[in-house]
Amino acid sequence: MKSLSIKVRQLEESATLAFTQLARKMRESGVDVANLTAGEPDFPTPPQVKMAAVRAIEENFTHYTANQGIPELITSIIEKFERDNGLRFERSQILVSCGAKHTIYNALQAICNPGDEVVIPAPYWVTYPEIVKLVDAKPVIVQTTAAEHFKISAAQLRKAINAKTKAFIFNSPGNPTGSVYSQGEIEELADVVKDSGVFVIADEIYEKVVYDGVRHFSMGSIKQIKDQVITVNGVSKAFAMTGWRIGYLGSSTPVAEAAAKVQSQVTSNATSIAQRAAAAALSAPSDDVQKMVEEFCRRRDFALKEISKIPDVELQDPKGAFYLFPSFKSFIGKRMNGALIKDDMDIAQYFLKEHHVALVPGCGFGAKNHVRISYACSMKELEKGLGGIAEGCRKLRDAY
């Protein structure tokens, strides 16, 4: 038999999905695991959104749609972009896809050639470097620090850009760190983008999930670079619609049309029923979203308080998304049950096997010695998981 694709063999498996699957298997075997891995709100999809999908089925709206998306959803996206983000798009500049991940893939396929470079600040969402590799481009990783709240500076971005650079992937609020860039910080980055001429893929999937009076600012609203920015969003996080698989972008017309051409040959349109539901979500009052964010804030505050009680764990205060990203570097080099804990992968394995808490190792996000803790789960699950982490750290401190 012939060999498999070299490109696919070189891809990294998603660390999030890997540990989520391990936790699922343990649960299936009867182990009570606190699963703090998945970036998936535990809330139900809002009732009016579900009813829009039911009506679509009852009306037999179950066939192919236009590749770009149904007219009512495109209208809702245009209105949402202008209302929430100060972005103005024509209909030709919108593309609806099968989730924000698919949207990013389409955008990268539309703009990248083999050998192009794409700048990605670390810590990053696990998919960014791998999806860049899939389009035959090269991820260029720029390390950020906890001291700078895990934010890339304009000076770092300028240094990373060269003649081969095609794009910069920008994520605020950020996964896994919860960092949110201020308008001033984004304007400084925009100056570099303007001078260099590179594209920006602005992943704004967590824009609604912000705390402490922080406001989200869209880079694409800066007029001088609006044609360079590809703004990506979706309904999964803000409306608890992860399984509906609807993402979308707004960009210059040439980029949107090129991304649509890619999609036409790979998936064609996003699910008709889910598009109807997404249109209802984007057009609905924001009450359900606000209640969900308030609950996330309550969980964040609880998790921060509990983690802060654990000696030797370093943690930044997240201002958005629904993750904590603490450092466990003080425990690297410890031995537990005769086994040496060498890195964050060992830390995650230790908590899962010994204390039945599923976390995601930081190496998958480009940040060694960290783990990602999701508080998108229930408070009961969070309490159980944080208790297991505290107990696990106590035992590690006593280890040699």
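Just so you know, all these numbers are worked out from the coordinates, no wet-lab data involved. Just so you know, these numbers come straight off a predicted model, no measurement behind them. No Cβ is skipped: glycine too gets one built from the backbone with ideal geometry, and neighbour counts run over all protein chains shown.
Quick rundown of the values:
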quantity: Cα-based Rg / Dmax (Å) for the chain; calculated: 21.2, 66
quantity: Total formal charge among the other residues, if their Cβ is under 14 angstrom from that of E294, Lys/Arg +1 and Asp/Glu -1; calculated: 0
quantity: Net charge of neighbours whose Cβ lies under 10 Å from the Cβ of T177, counting Lys and Arg as +1 and Asp and Glu as -1; calculated: +3
quantity: Förster-model FRET efficiency, 30 Å R0, D212 and S283, C-beta, rounded to 0.05; calculated: 0.60
quantity: Distance in nm between pseudo-label sites at E40 and Q183 (7 Å out along the Cβ direction from Cα); calculated: 3.7
quantity: In nm, spacing of pseudo-spin labels at A163 and N113 (7 Å Cα→C-beta vector); calculated: 1.3
quantity: Between segment 17-53 and segment 322-400, the Cα center-to-center distance that results, in Å; calculated: 20
quantity: Given charges at beta-carbon only (K, R positive; D, E negative), |dipole| of segment 73-143 in Debye; calculated: 120
quantity: Protection-proxy order for peptides 330-338, 184-192, each taking the mean of Cβ atoms within 10 Å per residue, highest first; calculated: 184-192, 330-338
quantity: Gap separating the Cα centres of segment 67-83 and segment 250-275, nearest whole Å; calculated: 13
quantity: Convex hull (Cα only) mean projected area of segment 47-284, reported in nm² to one decimal; calculated: 12.2
quantity: Cross-link table K133/K319; K101/K138; K208/K353; K133/K208, entries beyond 25 Å C-alpha to C-alpha; calculated: K133/K319; K208/K353; K133/K208
quantity: Listed residue pairs exceeding 18 Å between alpha carbons, taken from K291/K384; K166/K237; K329/K380; K164/K194; calculated: K291/K384; K166/K237; K329/K380
quantity: Of I373, A303, M241, farthest towards positive along the dipole that unit charges on Lys, Arg, Asp, Glu beta carbons give the chain; calculated: I373
quantity: GNM flexibility winner over the chain from P285, P176, P46 (Cα, springs under 10 Å); calculated: P285
quantity: Rounded to the nearest 20 debye, dipole of segment 47-284 from Cβ charges on Lys, Arg, Asp, Glu; calculated: 240
quantity: Leading residue at positive end of dipole, the chain (Cβ point charges), from V8, V33, Q109; calculated: V8
quantity: Rough spin-label spacing in nm, given labels placed 7 Å along Cα→Cβ, for E383 and D84; calculated: 3.2
quantity: Angle between the chain longest axis and helix 15-28 axis [Cα atoms, degrees, rounded to 10]; calculated: 60
